[in-house]
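Below: one structure, written as structure tokens.
The values are calculated or read from the model by the stated rules, or taken from the named source; none is laboratory data. Note that the structure is predicted; figures quoted are calculated from it, not measured. Please note: Cβ atoms are built from the backbone with ideal geometry, for glycine as well, and neighbour counts cover all protein chains shown. Keep in mind that these areas ignore ligands, DNA and RNA; they rest on the heavy atoms of the full protein, side chains included. Shrake-Rupley method; radii C 1.70, N 1.55, O 1.52, S 1.80 Å.
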Amino acid sequence: EHKDRNIEMPDPIGDRVISREAADTVTSVLTGVVNDGTAKKSVRENPLRDGQKVAGKTGTSDNNRSAWFTGFTPNLVTSVGLFGEDSKTHAQVPMYKAAGVDYRVNGGGPPAEIWAAYTFGVMEKVTKFDLETKQGAAVKPSKSATT
């Protein structure tokens, strides 16, 4: 609804625009951000995770004015963004020493922590990705060299 009228929303399911293998490869790569990258401490090591499969991406803007974590499980996509704002002028400002962080806020810190608390708090059961790919972070490397 918008004020006093109903709004028609488009069908959220569209046509496939990339191959299954490409999508699965990107998902596999993004599991590395959680399992071995910048969100490792906030997401992988979160005690509420309980084996839940997760992929995501952290981000921090120039001059530390914003930081975010966008992550997904097989059943849920959520994005958390934090933005520095001057309380008087409402101008965008750097977030140094914000959110209890000693120096600078980055996407793998408070945004990923908020994301994990929300996501793992609402997930009813552990789900796994069904990936059809031979590339990416979630795929064990082969023992032989490829050409």
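Tilt of helix 20-35 relative to the longest C-alpha principal axis of the chain, in degrees (0 to 90, nearest 10)?
Long axis of 20-35 versus the principal axis of the chain: about 60 degrees.
Which of the chymotrypsin sites (Phe, Trp or Tyr not before Pro) found in segment 52-147 are in a DSSP loop and have at most 12 neighbouring Cβ atoms, other than their own, within 10 Å?
On the way: sites: 68, 69, 72, 83, 96, 103, 115, 118, 120, 129; in loops: 96, 103, 129.
Here the chymotrypsin sites (Phe, Trp or Tyr not before Pro) that fit, given the DSSP loop and packing criteria, are 103.
In Å², and per residue, what accessible area does segment 37-107 have when probed at 1.4 Å with the other protein chains present?
Numbers: 4300 Å² over 71 residues.
Roughly 61 Å² per residue, with all protein chains present.
Explain nothing, just the number: relative contact order of the chain, from Cα pairs under 8 Å at least 6 residues apart, as a whole percent.
Details: 228 pairs, mean separation 40.4, N = 147.
With pairs under 8 Å counted, the relative contact order is 28 percent.
Taking loop as defined by DSSP and a crowding limit of 16 other beta carbons within 10 Å, which GluC sites (Glu not before Pro) in segment 75-142 fit? List each step's numbers first, then the result.
Numbers: sites: 85, 113, 124, 132; in loops: 124, 132.
Within segment 75-142, the qualifying GluC sites (Glu not before Pro) (loop, at most 16 other Cβ atoms within 10 Å) are 124, 132.
Counting only protein heavy atoms and using a 1.4 Å probe, what share of the accessible area of segment 82-133 belongs to carbon plus sulfur, as a whole percent? Can you show the working numbers first?
Details: 1770 of 3480 Å².
Taking all protein chains in place, segment 82-133 shows 51 percent carbon and sulfur surface.
Please identify every one of the trypsin sites (Lys or Arg not before Pro) in segment 54-140 that sits in a loop by DSSP and has no more than 12 other beta carbons within 10 Å of its own beta carbon.
Passing sites in segment 54-140 are 88, 97, 125, 128, 134.
Mind scanning 57/134; 3/125; 40/134 and naming the pairs with a C-alpha gap bigger than 25 Å? Let's see the in-between values first.
Details: 57/134 21 Å; 3/125 37 Å; 40/134 23 Å.
The answer is 3/125.
Checking the cross-link filter: which aspartates and glutamates have an alpha carbon closer than 14 Å to that of residue 140, excluding same-chain neighbours under 8 positions apart?
Residue 140 reaches 36, 132.
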